[in-house]
1. Report, by residue number, each residue of the stretch 1-34 that is out of contact with any helix residue (DSSP H, G or I) (no Cβ under 7 Å at 6 or more places or on another chain), of a type in the set (S, T, N, Q) and open to solvent by 10 Å² or more (accessible area, probe 1.4 Å).
2. Just for the stretch 103-122: of the residues that are within 14 Å of the chain's Cα centre (by Cα) and within 16 Å of the ligand (Cβ to nearest atom), which one is farthest from ILE37 (Cα to Cα)?
3. Would you mind stating whether GLY48 is touching a residue at least 24 places away in the same chain (Cβ under 8 Å), more than 16 Å from the ligand (Cβ to nearest atom), closer than 21 Å to SER178 by Cα and of a type in the set (Gly, Ala, Ser)?
4. With the structure loaded, tell me whether VAL60 is aliphatic (A, V, I, L, M), open to solvent by 80 Å² or more (accessible area, probe 1.4 Å) and either part of a loop (DSSP other than H, G, I, E, B) or under 30 Å from LYS317 (Cβ atoms) (or both) or whether it fails that test.
5. I'm trying to understand the selection: among the residues of the stretch 170-192, which are open to solvent by less than 10 Å² (accessible area, probe 1.4 Å) and over 12 Å from LEU149 (Cα atoms)?
6. In the stretch 35-45, which residue that is polar (S, T, N, Q) and either over 26 Å from TYR128 (Cα atoms) or away from the ligand (no atom under 16 Å from the Cβ) (or both) is surrounded by the fewest Cβ atoms within 10 Å (Cβ to Cβ)?
7. Only one residue in PHE104, PHE38 is in contact with a Ser or Thr (Cβ under 9 Å, 6 or more places away or on another chain), touching a residue at least 60 places away in the same chain (Cβ under 8 Å) and aromatic (Phe, Trp, Tyr). Which one?
Amino acid sequence: MKQIPWQNKPADCKDIMWRYSENPIIGRNQIPSSNSIFNSAVVPYKNGYAGVFRCDNKAVQMNIHVGFSENAIDWNIEDSPIVMKTGNTDMIDSDYKYDPRVVFIEDRYWVTWCNGYHGPTIGIAYTYDFKEFFQCENAFLPFNRNGVLFPKKINGKYAMLSRPSDNGHTPFGDIYISYSPDMKYWGEHRCVMKATAFEDSAWQCTKIGAGPIPILTDEGWLMIYHGVINTCNGFRYAMGAAILDKNQPDKVKYRTQSYLLTPQVNYEQIGDVSNVVFPCAALHDIEEDKLAVYYGAADTVVALAFSRISEVIAFTKNNSL
Ligand code: BMA
């Protein structure tokens, strides 16, 4: 079993989640074409790791690029965006692509992202080798963001979390789940969880959205998500966790009242969009009880934070709303 990135919790750290000491792991100018690289997804691949990275170029056009790494920390990212071939449709229009997630299901890797089609909606593609990508039908009507697939079928169907939205800087947003028999037609839409009341947990009172691919644990699906508060200085994005029922994931068993991580260090507080931590991927090792969360910081760079899976679960149960 290959090792995921890891650092032990610093002795003086009282938090459930702690940052990698060498953050950020990917700089804004890491490839010649980029203005910023953030909100990106990584997965184990062959002897190392592969990833799909959100790279905004110097015209500030949003697109997704492939990268590879041996250790999941030092990444070689291609300077040109992914060029899609046709998958289960000829209709592969895309004005822009951003905020990818990647997951292996059964025989291939699936990528979901926020796809520009008369506004944002959820794009889907698959790849076997991170060289050729086959774009499929969009999952939903516009407007939608944060499409996150479960890593296995649930009751015989593919399952995806998403966040219906608007065409702007959406001032609302709840997490829904939808099912598909074939990765083309999506239905059985159910509400999973909503933004909170301000007085209950203000960091997640404006909108919430699923982050990394959910992780199956003994307690159910561990879902890391982002929560947003609207302040007099604009939106502020933090990170929390919920545990969803294993067989019926629209049932929330527990959900953190306190955040797991909130913008507190300079690369999270200062950037193209200040005060954003936005998780899109996680590597985990259940046996070693390790979790490594990849998040975009201030819409500018990629950073890494660690936790013990057991501690996140205990924290989520003990601080549940
Ligand atoms: C959201 C998305 C994210 C971004 C966040 C904060 O609506 O655009 O990509 O990180 O806003 O700007």
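The values are calculated or read from the model by the stated rules, or taken from the named source; none is laboratory data. From a predicted model like this one, the values you see are computed outputs, not experimental measurements. Glycine gets a Cβ as well: all are built from the backbone with ideal geometry, and neighbour counts include every protein chain shown. Quick note on the areas: whole protein, heavy atoms, side chains included, nothing else; ligands and nucleic acids left out. Shrake-Rupley method; radii C 1.70, N 1.55, O 1.52, S 1.80 Å.
1. Residues satisfying the conditions are GLN3, GLN7, ASN8, SER21, ASN29, GLN30, SER33.
2. ILE122
3. no
4. Taking the combined requirement at face value, the residue satisfies it.
5. THR170, GLY173, ILE175
6. By that ranking, first place goes to ASN35.
7. Step by step, each of PHE104, PHE38 is checked, and only PHE38 is in contact with a Ser or Thr (Cβ under 9 Å, 6 or more places away or on another chain), touching a residue at least 60 places away in the same chain (Cβ under 8 Å) and aromatic (Phe, Trp, Tyr).
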